[in-house]
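Before any comments, here is the structure.
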Amino acid sequence: GATLLLNYSDNTPLHTYEWLGKTFEIHTIKLIVAALMAFFALFEIIPSLKKMQFDKNKLIFGGAISGFFGGLSGHQGALRSAFLIRYRLPKEVFIATGIVIASFIDVTRLGLYFSRMKSIDIESNLPILCTAVLSAFLGAFFGRKLLKKVTLDFVQWTVAIMLLFLAALLAGGLI
């Protein structure tokens, strides 16, 4: 998935437009990723899709396609959820499993990205890097406290709505 992303990320925009004095571009790969994100988010909120049951023999297939789409878009969670949620894991185990899987996928993606970089300018990107790392730790800290007070259904809806919002921004060329 990450290889596919790198091979098609340098394409020319399908459409360019200006809004509020800024220029935005819509790219094919972003539209594909946005469509996938929206599709997988629907697994979390549409009752008929939510009730889908996958046998245990489908778990390896689910892991493989989740990993592929995780490498492609970085948003493998919705698809992974469609397979794992059916096992009725406790919410702590469900979320911890997702974090571990996402970490493995991200390490693989980063290794591939770094292998294609000629130079890394960490100094000019240090503010955003520090903000991202701090946000991740604060999210984990507060998420752990909040986890005791929310239901898995609330987590699913929240993730689905955020994925749909991100998909819309991505498809519109805003991110």
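At 222 nm, what helix-only mean residue ellipticity would the chain give, in deg cm²/dmol to the nearest 500, using -39500 (n - 2.57) for each DSSP H run of four or more?
-23000 deg cm²/dmol
Taking 0.36 nm per intervening residue step and subtracting the Cα-Cα distance, what contour gain separates Val100 from Asn125 on full extension?
Going from the current span to full extension adds 6.4 nm.
Across the chain, how many lysine pairs, 8 or more apart or on two chains, come within less than 21 Å at their alpha-carbon atoms?
8
Given labels modelled 7 Å from the Cα in the Cβ direction, how far is it in nm from Leu49 to Ser135?
2.5 nm
Need one value: the accessible area of Met162 in square angstrom, 1.4 angstrom probe, rounded to the nearest 10.
120 Å²
Which value, in Å² rounded to 10, gives the accessible area of Arg116 with a 1.4 Å probe and all protein chains present?
Here the accessible area works out near 120 Å².
Using a 1.4 angstrom probe on the protein heavy atoms only, line up Trp157, Trp19 by accessible area, largest first.
Of Trp157, Trp19, the descending order of accessible area is Trp19, Trp157.
Go ahead and collect, in residue order, the members of region 143-175 whose backbone nitrogen is under 12 Å from a label point 7 Å along the Cα-Cβ direction of Glu18.
Answer for region 143-175: none.
May I ask you to compute the full-extension gain from Leu112 to Phe39, defined as 0.36 nm times their residue separation minus their alpha-carbon distance, rounded to one decimal in nm?
Gain on extension, Leu112 to Phe39, equals 23.7 nm.
Rounded to a whole number, what is D in µm²/s for the chain from Stokes-Einstein with the Kirkwood radius over alpha-carbon pairs (10 °C, 1.306 mPa s)?
This corresponds to a translational diffusion coefficient of 89 µm²/s.
The values are calculated or read from the model by the stated rules, or taken from the named source; none is laboratory data. Computed from a prediction, not measured in an experiment: that's the story for all the values here. Cβ coordinates were reconstructed from backbone atoms using ideal geometry, including for glycine residues, and neighbour counts include every protein chain displayed. These accessible areas exclude ligands, DNA and RNA; they are computed on the full protein's heavy atoms, side chains included. Shrake-Rupley method; radii C 1.70, N 1.55, O 1.52, S 1.80 Å.
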